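The values are calculated or read from the model by the stated rules, or taken from the named source; none is laboratory data. Computed from a predicted model, the values in this text were never measured in an experiment. So basically every Cβ, Gly included, is an ideal-geometry build from the backbone, and we count neighbours across all protein chains shown. Only protein heavy atoms, including side chains, enter the accessible area calculation; ligands, DNA and RNA are left aside. Shrake-Rupley method; radii C 1.70, N 1.55, O 1.52, S 1.80 Å.
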Amino acid sequence: MDRLKNGEVNLGTSIMAVQFDHGVVIGADSRTTTGSYIANRVTDKLTHVHDRIYCCRSGSAADTQAIADIVHYALQLYTQQFGAAPPVSSAAAIFQKFCYENKDALSAGIIVAGWDKEVGPSVYNIPVGGGLFRQPWAIGGSGSTYVYGYCDATYQEGWGKDEAIQFVKNTLALAMSRDGSSGGVIRMCVITEDGVERLFVPGDQLPTFWEGHDVLPAAIKGAKVIDPVPMAVE
């Protein structure tokens, strides 16, 4: 079932988050679509909700922006009330509550990631429907279906910052090359105890992989090319 209303802006997208030893790396493509029309080619789908907590948004742009604003407000109240930064798990729980209680009205798939002093780095996946799963890495959006196998075969525990960044960059580039609703540039954030570092990969500097080539009969070794013969008409 198509959950989007007629003309609604869609983040048909590729989003990702990976936990490493001292932090998390999150990333996303930048294409926003309305049907087959690209409404924005440089969207920022990595949304700040607290000092060291970010979310990656997929689904309806309006729905996910509204939910992120609500969670940002709730985490500000938490900080005022308790005098300390909220844990990532609390942010993920608030996202999950809104997504689950309004699952019939929303189109929102969200990944929440960040660092807190209680747990350290953590990644939570909230797919459409409002589930909540903590994972060492998570992918989402329409482009994610093309790269699950690559992620399963490539990810290793114990990675450092550089390996996690390269993993996110390669995964998103592969998803963007296959998924028509993903594209543009890659935006990434590295979140650690020391703060947040933004990274940007322009569209002409994306990692490249084998993308196939045309195979003509003449290029096949030993193939005999036969010219077409018109069919006789009586």
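Kindly provide the set of residues from the stretch 71-89 that are within 13 Å of K117 (Cα to Cα), open to solvent by 20 Å² or more (accessible area, probe 1.4 Å) and assigned to a helix (DSSP H, G or I), ordered by number.
Selection gives S89 alone.
Does the stretch 149-158 contain any residue that is touching a residue at least 60 places away in the same chain (Cβ under 8 Å) and either in contact with a Gly (Cβ under 7 Å, 6 or more places away or on another chain) or not in a helix (DSSP H, G or I) (or both)?
Yes, the stretch 149-158 has at least one match.
Of the conditions (1) buried (at least 16 other Cβ atoms within 10 Å of the Cβ); (2) of a type outside the set (D, E); (3) more than 30 Å from G203 (Cα to Cα), N10 satisfies every one except a single condition; which number is it?
Only one criterion is unmet by N10, namely (3).
One residue is enough: does the stretch 159-170 have a residue meeting the conditions in a loop (DSSP other than H, G, I, E, B), modelled with pLDDT of 95 or more and surrounded by fewer than 16 Cβ atoms within 10 Å (Cβ to Cβ)?
Within the stretch 159-170, the subset in a loop (DSSP other than H, G, I, E, B) is 159-160.
Within this subset, residues satisfying the condition of being modelled with pLDDT of 95 or more are 159-160.
Subsequent filtering for residues that are surrounded by fewer than 16 Cβ atoms within 10 Å (Cβ to Cβ) retains 160.
Scanning the stretch 159-170, I find at least one residue that is in a loop (DSSP other than H, G, I, E, B), modelled with pLDDT of 95 or more and surrounded by fewer than 16 Cβ atoms within 10 Å (Cβ to Cβ), so the answer is yes.
In this structure, is Q65 touching a Pro at 6+ places or on another chain (Cβ under 6 Å) and of a type outside the set (S, T, Y)?
No; evaluated as a whole, the condition is false for this residue.
Could you check the stretch 13-44 and list, in sequence order, the residues that are surrounded by 24 or more Cβ atoms within 10 Å (Cβ to Cβ) and within 27 Å of D116 (Cα to Cα)?
S14, I15, M16, A17, V18, G23, V24, V25, I26, G27, A28, D29
Looking at the stretch 98-147 only, could you name the residues that are closer than 18 Å to E163 by Cα and surrounded by fewer than 17 Cβ atoms within 10 Å (Cβ to Cβ)?
Residues satisfying the conditions are Q135, P136.
Just to be sure before I move on: is E193 modelled with pLDDT of 95 or more, of a type in the set (D, E) and open to solvent by 50 Å² or more (accessible area, probe 1.4 Å) in the structure I sent?
It is true that E193 is modelled with pLDDT of 95 or more, of a type in the set (D, E) and open to solvent by 50 Å² or more (accessible area, probe 1.4 Å).
Does I139 fit the bill of being part of a strand (DSSP E or B), closer than 21 Å to T208 by Cβ, under 12 Å from the mean Cα position of the chain (by Cα) and at pLDDT 95 or above? Walk me through it before giving the result.
Working: part of a strand (DSSP E or B): yes; closer than 21 Å to T208 by Cβ: yes; under 12 Å from the mean Cα position of the chain (by Cα): yes; at pLDDT 95 or above: yes.
For I139, the condition - part of a strand (DSSP E or B), closer than 21 Å to T208 by Cβ, under 12 Å from the mean Cα position of the chain (by Cα) and at pLDDT 95 or above - is met.
State yes or no: is Y150 at pLDDT 95 or above, over 18 Å from S58 (Cβ atoms), in contact with a helix residue (DSSP H, G or I) (Cβ under 9 Å, 6 or more places away or on another chain) and surrounded by 14 or more Cβ atoms within 10 Å (Cβ to Cβ)?
Yes; evaluated as a whole, the condition is true for this residue.
Output the residues belonging to the stretch 198-234 that are at positive phi and either in contact with a helix residue (DSSP H, G or I) (Cβ under 8 Å, 6 or more places away or on another chain) or at pLDDT below 70 (or both).
Once the filter is applied, which keeps residues that are at positive phi and either in contact with a helix residue (DSSP H, G or I) (Cβ under 8 Å, 6 or more places away or on another chain) or at pLDDT below 70 (or both), the stretch 198-234 yields only G222.
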